[in-house]
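This report refers to the structure that appears directly beneath it.
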Amino acid sequence: MNIVPLQKEQLSIVAELAYEIWPSAYKEILSPEQLKYMLSQFYSIEALETQFQNGQHFLLLKDAERAVGFLSYELNCYNSQKLKIHKIYVLPTEQGKGLGKLLIDKAIEIAIAQNQKAVFLNVNKYNKSRFFYEKLGFTIVKDEVIDIGNGYVMDDYVMEIAV
């Protein structure tokens, strides 16, 4: 497996992966309407380009033939000296193989190299991936409800690990 930086011109790969991963990842948590809304809000090419321009870095996880996952992060998020993982996803067919841990390890490696104090992320309170993050040493530092428009909210835990 290789983890490679993504260029702005390659953001369509992230969108394609998200549209393949999200229906499986969130089918028990989000309504079909909210899933569709959130994908359009966060994974349209325009939205991804804005995120890229606003300081998010995108990494692609590839096997020999294809992209199987991605991660996006931001350094010094909220002027906190902490790296925020904005997105981390692996294709359902590739889960359980240690690939998510590989991406987390890469984020931690980047955080250390960039003198960040911690790595943090948001996870839906009802998403089973919360337990994956806990297993890797992340702890819940707060919960937050974020209004994302159209009558929808993200009901999340913020999880963090010191580096």
Q.
List pairs: first residue in region 81-109 and under 14 Å from A18 (Cα atoms) and open to solvent by less than 20 Å² (accessible area, probe 1.4 Å), second residue in a helix (DSSP H, G or I) and among the acidic types (D, E) anywhere in the structure, Cβ distance under 7 angstrom, at least six positions apart or on different chains.
A. L91/E20
Q: Considering only region 1-65, give the helices (runs of 4 or more DSSP H) lying wholly within it that have at least 1 residues that are among the hydroxyl-bearing types (S, T, Y) and free of Cβ contacts under 8 Å to residues at least 12 places away in the same chain.
A: 32-43, 45-53
(Q) Name the residue that is farthest from the chain's Cα centre (by Cα), counting only residues in region 12-36 that are surrounded by fewer than 18 Cβ atoms within 10 Å (Cβ to Cβ) and small (G, A, S). (A) S31
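How many residues are of a type in the set (S, T, N, Q), open to solvent by 70 Å² or more (accessible area, probe 1.4 Å), part of a loop (DSSP other than H, G, I, E, B) and out of contact with any Phe, Trp or Tyr (no Cβ under 8 Å at 6 or more places or on another chain) if we restrict to region 114-155?
2
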Q: State whether one or more residues within region 37-59 are hydrophobic (A, V, I, L, M, F, W, C) and exposed (fewer than 14 other Cβ atoms within 10 Å of the Cβ).
A: yes
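The values are calculated or read from the model by the stated rules, or taken from the named source; none is laboratory data. Given the structure is predicted, the values throughout are model-derived calculations rather than measurements. Reconstructed Cβ throughout: ideal geometry from the backbone, glycine too, with neighbour counts over all protein chains shown. Ligands, DNA and RNA are excluded from the accessible area calculation, which covers all protein heavy atoms including side chains. Shrake-Rupley method; radii C 1.70, N 1.55, O 1.52, S 1.80 Å.
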